[in-house]
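Student: Below is the structure I would like to discuss, written out as structure tokens.
The values are calculated or read from the model by the stated rules, or taken from the named source; none is laboratory data. Note that the coordinates shown come from a computational prediction; the quantities given were computed from them, not determined experimentally. Counting neighbours? That spans all protein chains shown, and the Cβs are built from the backbone with ideal geometry, glycine included.
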Amino acid sequence: MLNFKGEQTMIEIKNISQAYGNTQVLREVNLIIKEKRITALIGANGAGKSTLLNVAANLLEPCAGTVLLDGKDIKEMKSQDIAKRIAILKQTQHLNMRISVRDLVSFGRYPHSQGRLKDEDEQKIRQAIEYMNLKEIENKFIDELSGGQRQRAYIAMILAQDTKYIFLDEPLNNLDIKYSVEMMTILRKLVKELSKTVIIVMHDINFAAAYADDIVAMKGGQIMKEGAAQDIIDQTVLTEVFDHEFCIANVYGKKVCVYFPPEDKSAKGDAINE
Amino acid sequence: MENNKRIRRMFFVLSILIIVAVIIYFYARVIGKSLDSGLPLTADIAKKIASRSAMSILGMTVSAALIAVVSLAFQTITENRILTPSMIGFDSVFMATQSVLVFLASRWAVSKHLFSNPYLNFLITTGMMMVISMLMYRIILRKNKNNIVFLLLFGLILSGMIRSFTNYIEVLLNPQEFQQLKAVTSVTITNMNTGIILLAAPVMLVLVFLFMRKSREYDVMLLSESNAKSLGVPYTKRLNTNLILIALAMAITTALIGPLTFLGLLAVNIARELFRTYKHSVLFIGSILIAILFLVLGQGIVELLRYATPVTVLIDLVGGVYMICLILKENKL
């Protein structure tokens, strides 16, 4: 993809390999992340989704291969400059500190301000808090919040960071259905209204099917299949990726995966279709 | 804003308390000594004792400040609120290096100056501590950040091992070498290595400045390693510089005043409780003040009451109990 200056603006992952000890986690992975879309990484446990995400966001140095961020090798960029373009959020961790929502969101400005907040930073912080509906609870401490509110506070921090790319590692973990749907709706809004590019590691393929534009299916450290969500949510593809029998149903015009084997083997899987 | 006012007031109160502590200490040393001996207190003697006390206070200040700063930085980079460098046996490395140096000095002519030349000796010791702290971090600390009990156990075993090694070397020394070694390693708060205080004081100021300059970065590091990296902190680079600075600071305070196992833990955690903030700019100053207050006031009172035990023993007693409470609270064993 080219911007108006003719520069490349995208993330390109080239021949990435990664190993922990003797276990090969990624094998020569190549991937171009499309702009202004939600890309979901799916796959079984140990397929290398999180590792790929960490490598792409420069949290982890790969054993081999390069990551190009807007045409430049990420290894040769300063951490601060990377942080102005990529924000990554891992599964919500236990925090070792008592911090208010507002202060947490302020940390998002660190790559820009190095901790000395200017008017522009204050404005971005305020916008992020308002965008994520955190105004009423901005002075509450993080450990007083519910799981969904906490996740929203972290997303607000990333919004304040004001990066083009947002990487999320299993953001729906520990969230109940209501908050999960809310989270995905927010992410869709980010793409549509703020032109963000979101890359997300997911376990629940139904959430991926419903909310992602593109899906990258991984297995054994390699990309098995990538493409538009509608094309990947397919019985043969998913069966191969997960080594498990799938049945794709259509509900409200959307594809839904049913992954429970029927108790009665003779029952037809597509019985619930429309 | 309300909190800022409170913090400033707290700094003020702590400073006043430190001044009071210094007065008590001087009083105990100068007046107490002369009353004890029954000799008349001439201006000459008073001056002599006072200047010696001033040196002691400077030494305590340098050590306390270094220990406080290093403990806070260490706790932030290892993401825990209990362990400090002294608790996992950094100071035992100092003792071991000294004994090896004495041992070598008497065996090989080449290595004679390694021990006797204070600068060379200091360089080697600090280098050794740096290497060990790096190895320790790489192999153990990084992978077990949240496993305090394991880390404590590891520290216990490591320092025990190094101590037995030191003992073994000591057995090999002849009486004269042993005396030399003890002159260096038996420093305590009442028997400071006064020779290096004037050198250590400016180094302490530089180190404290280096740590405090990065206060905002430490704040970000509290969010966890991945968040800090995502926010553009060059994490690995910072870890390495930190470990080097920590080893340097530990070498200085151990050479100056001997091991102070629990002072850092007490100072840092009390600062957290008092100031109720995560901001390192406040916590650094707060824990430095508290550590100085503890040492000087404690030692002043001990001298006033003419106890034979130095205050470090008391601090270790209180600190040990406090640590057990912290572990029980945080780990809910």
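Student: Report those strands (runs of 3 or more DSSP E) wholly inside the stretch A:203-274 carrying at least 1 residues which are modelled with pLDDT of 85 or more and crowded, with 17+ Cβ neighbours inside 10 Å.
Tutor: A:214-219, A:222-228
Student: Separate question: Does the stretch B:220-230 hold any residues that are at the interface with chain A (Cβ under 7 Å from one of its Cβ atoms) and either under 10 Å from A:Gln114 (Cα atoms) or assigned to a helix (DSSP H, G or I) (or both), and which are they?
Tutor: B:Val220, B:Ser226, B:Lys229, B:Ser230
Student: Got a sec? Which of B:Leu205, B:Leu153 is touching a helix residue (DSSP H, G or I) at 6+ places or on another chain (Cβ under 9 Å), away from chain A (no Cβ under 14 Å), in a helix (DSSP H, G or I) and free of Cβ contacts under 8 Å to residues at least 12 places away in the same chain?
Tutor: B:Leu205
Student: Filtering the stretch B:156-186 down to residues that are hydroxyl-bearing (Ser, Thr, Tyr) and assigned to a helix (DSSP H, G or I), which residue is farthest from B:Val313 (Cα to Cα)?
Tutor: B:Tyr168
Student: Hey, can you tell me all the residues within the stretch A:90-105 that are among the small types (Gly, Ala, Ser) and facing chain B (nearest Cβ under 8 Å)?
Tutor: Result: no residue meets the conditions.
Student: Next up: Look through the stretch A:90-112, keep the residues that are modelled with pLDDT under 85 and out of contact with any Phe, Trp or Tyr (no Cβ under 6 Å at 6 or more places or on another chain), and return whichever of them is nearest to A:Tyr154 (Cα to Cα).
Tutor: Filtering first and then ranking leaves A:Thr92.
Student: Just a yes or no: is a residue in the stretch B:181-203 closer than 19 Å to B:Asn242 by Cβ, modelled with pLDDT of 85 or more and of a type outside the set (S, T, N, Q)?
Tutor: yes
Student: Here is a further query. Going residue by residue through the stretch B:153-163, is there one that turns out to be modelled with pLDDT under 85 and either touching a Lys or Arg at 6+ places or on another chain (Cβ under 7 Å) or under 26 Å from B:Val296 (Cβ atoms) (or both)?
Tutor: No, the stretch B:153-163 contains no residue that is modelled with pLDDT under 85 and either touching a Lys or Arg at 6+ places or on another chain (Cβ under 7 Å) or under 26 Å from B:Val296 (Cβ atoms) (or both).
Student: Please go through the stretch A:166-185 and give me each residue that is among the aliphatic types (A, V, I, L, M) and either closer than 24 Å to A:Ile248 by Cα or at pLDDT below 90 (or both), ordered by number.
Tutor: A:Leu172, A:Leu175, A:Ile177, A:Val181, A:Met183, A:Met184 - these are the residues of the stretch A:166-185 that are among the aliphatic types (A, V, I, L, M) and either closer than 24 Å to A:Ile248 by Cα or at pLDDT below 90 (or both).
Student: Additional query: Of the conditions (1) buried (at least 24 other Cβ atoms within 10 Å of the Cβ); (2) under 30 Å from A:Lys75 (Cβ atoms); (3) among the aliphatic types (A, V, I, L, M), B:Ile257 clears all except one; give me its number.
Tutor: (2)
Student: State whether the residues of the stretch B:64-75 include one that is touching a helix residue (DSSP H, G or I) at 6+ places or on another chain (Cβ under 6 Å), of a type in the set (S, T, N, Q) and at pLDDT 90 or above.
Tutor: Yes, some residue in the stretch B:64-75 is touching a helix residue (DSSP H, G or I) at 6+ places or on another chain (Cβ under 6 Å), of a type in the set (S, T, N, Q) and at pLDDT 90 or above.
Student: Which pairs turn up if I take residues in the stretch B:15-32 that are in contact (Cβ under 8 Å) with a residue 40 or more places away in the chain and look for partners that are of a type outside the set (Asp, Glu) and not in a helix (DSSP H, G or I) with beta carbon separation below 8 Å, at least 6 apart in sequence or on another chain?
Tutor: Pairs found: B:Gly32/B:Arg306.
Student: Still on this structure: Return the residues of the stretch B:292-330 that are buried (at least 21 other Cβ atoms within 10 Å of the Cβ) and among the β-branched types (Val, Ile, Thr); say none if nothing qualifies.
Tutor: B:Ile292, B:Val296, B:Val302, B:Val311, B:Thr312, B:Ile315
Student: In the stretch A:19-40, what residues are touching a Leu at 6+ places or on another chain (Cβ under 9 Å) and at pLDDT below 90?
Tutor: Answer for the stretch A:19-40, where residues must be touching a Leu at 6+ places or on another chain (Cβ under 9 Å) and at pLDDT below 90: A:Ala19, A:Val25, A:Leu26, A:Val29, A:Leu31.
Student: Identify the residue in the stretch A:25-62 that is within 14 Å of chain B (Cβ to nearest Cβ), out of contact with any Asp or Glu (no Cβ under 9 Å at 6 or more places or on another chain) and assigned to a helix (DSSP H, G or I) and, among all such residues, is surrounded by the most Cβ atoms within 10 Å (Cβ to Cβ).
Tutor: Restricting to residues being within 14 Å of chain B (Cβ to nearest Cβ), out of contact with any Asp or Glu (no Cβ under 9 Å at 6 or more places or on another chain) and assigned to a helix (DSSP H, G or I), the top hit is A:Ala56.
Student: A follow-up question, please. For the stretch A:144-158, which positions are in a helix (DSSP H, G or I) and either crowded, with 20+ Cβ neighbours inside 10 Å or in contact (Cβ under 8 Å) with a residue 12 or more places away in the chain (or both)?
Tutor: A:Gly147, A:Gly148, A:Gln149, A:Arg150, A:Gln151, A:Arg152, A:Ala153, A:Tyr154, A:Ile155, A:Ala156, A:Met157, A:Ile158
Student: Something else: Look at B:Asn80 and say whether it is part of a helix (DSSP H, G or I) and within 14 Å of chain A (Cβ to nearest Cβ).
Tutor: So B:Asn80 does not fit the description; no.
Student: Does B:Val110 count as surrounded by fewer than 20 Cβ atoms within 10 Å (Cβ to Cβ) and modelled with pLDDT of 80 or more?
Tutor: Against the criterion (surrounded by fewer than 20 Cβ atoms within 10 Å (Cβ to Cβ) and modelled with pLDDT of 80 or more), B:Val110 does not qualify.
Student: Being of a type in the set (S, T, N, Q) and crowded, with 21+ Cβ neighbours inside 10 Å: is that true of A:Gln161 here?
Tutor: Taking the combined requirement at face value, the residue satisfies it.
Student: Looking at (1) outside any helix (DSSP H, G or I); (2) within 14 Å of chain A (Cβ to nearest Cβ); (3) surrounded by fewer than 24 Cβ atoms within 10 Å (Cβ to Cβ); (4) not aromatic (Phe, Trp, Tyr), can you tell me which one B:Glu217 breaks?
Tutor: Every condition holds for B:Glu217 apart from (1).
Student: Of the numbered conditions (1) within 16 Å of B:Val62 (Cβ to Cβ); (2) within 14 Å of another protein chain (Cβ to nearest Cβ); (3) not in a helix (DSSP H, G or I), B:Ile189 satisfies every one except a single condition; which is it?
Tutor: (2)
Student: Hey, among B:Ile45, B:Ile16, B:Ile49, which residue is in a helix (DSSP H, G or I) and either under 19 Å from the mean Cα position of the chain (by Cα) or closer than 23 Å to B:Val282 by Cα (or both)?
Tutor: The match here is B:Ile16.
Student: Let me ask something additional. If I filter the stretch A:119-137 for residues that are crowded, with 23+ Cβ neighbours inside 10 Å, in contact with a strand residue (DSSP E or B) (Cβ under 8 Å, 6 or more places away or on another chain), more than 7 Å from chain B (Cβ to nearest Cβ) and closer than 29 Å to B:Gln75 by Cβ, do I get at least one hit?
Tutor: For the stretch A:119-137, residues crowded, with 23+ Cβ neighbours inside 10 Å, in contact with a strand residue (DSSP E or B) (Cβ under 8 Å, 6 or more places away or on another chain), more than 7 Å from chain B (Cβ to nearest Cβ) and closer than 29 Å to B:Gln75 by Cβ: absent.
Student: Quick one: A:Asn22 ticks every box in (1) surrounded by fewer than 16 Cβ atoms within 10 Å (Cβ to Cβ); (2) touching a residue at least 40 places away in the same chain (Cβ under 8 Å) bar one, so which box is it?
Tutor: (2)
Student: So which residues in the stretch A:63-89 are more than 9 Å from chain B (Cβ to nearest Cβ), at pLDDT 85 or above and assigned to a loop (DSSP other than H, G, I, E, B), if there are any at all?
Tutor: A:Cys63, A:Met77, A:Arg85, listed by residue number.
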